[in-house]
């Protein structure tokens with residue numbers, strides 16, 4: 001494997017770890033929405049959201065130095081899949097066939113875009 005291809009794989013891995021972390025912003029905001037406005041837990045949870053989004057913004061800009069914007073932005077759709085996973089595991093939400101079909105379409109789209117950029 002060439003050095004460039006190996007570096008691209010590393011940046012894609014970092015991108016997906018970042019998207020995994022980014023998906024927790026939705027989880028924290030959902031928990032915060034159940035708290036009294038400006039209570040300690042509300043502020044703590046929304047502080048976590050702001051922290052995650054701050055880290056996301058900084059690392060996202062660094063990733064864009066190495067991966068084309070179109071590719072990185074297309075991969076961002078993977079966070080929808082994480083939302084389905086967190087909804088099922090944490091919030092005990094039902095997963096429908098439409099959700100699964102949508103997740104498969106997202107994955108296929110990401111694969112097509114990533115392979116087109118090679």
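Here are the numbers for this structure:
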read-out: Residue match in the range 14-30 (condition: out of contact with any helix residue (DSSP H, G or I) (no Cβ under 7 Å at 6 or more places or on another chain), assigned to a helix (DSSP H, G or I) and over 27 Å from residue 116 (Cβ atoms)); value: yes
read-out: Test: residue in the range 55-65 that is outside any helix (DSSP H, G or I) and exposed (fewer than 12 other Cβ atoms within 10 Å of the Cβ); value: yes
read-out: Conditions (1) out of contact with any helix residue (DSSP H, G or I) (no Cβ under 9 Å at 6 or more places or on another chain); (2) more than 30 Å from residue 7 (Cβ to Cβ): number failed by residue 61; value: (2)
read-out: Verdict on residue 97 being more than 18 Å from residue 14 (Cα to Cα) and surrounded by fewer than 11 Cβ atoms within 10 Å (Cβ to Cβ); value: yes
read-out: Lone qualifier among 81, 52, 63, 58 - being without any contact (Cβ under 8 Å) to a residue 24 or more places away in the chain and under 18 Å from the mean Cα position of the chain (by Cα); value: 58
read-out: Test: residue 108 is part of a helix (DSSP H, G or I) and exposed (fewer than 15 other Cβ atoms within 10 Å of the Cβ); value: yes
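Here's the yes/no breakdown for (1) over 20 Å from residue 80 (Cα atoms); (2) surrounded by fewer than 14 Cβ atoms within 10 Å (Cβ to Cβ); (3) touching a strand residue (DSSP E or B) at 6+ places or on another chain (Cβ under 6 Å):
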site	(1), (2), (3)
2	yes, yes, no
8	yes, no, no
12	no, no, no
18	no, no, no
29	no, no, no
37	yes, yes, no
41	yes, yes, no
45	yes, no, no
52	no, no, no
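Here, each number is a calculation from the coordinates, and none is a lab measurement. What you are looking at is a predicted structure, and each value in this text was computed from that prediction instead of being measured. A quick note on method: Cβ atoms are made from the backbone with ideal geometry, for glycine too, and the neighbour counts reach across all protein chains shown.
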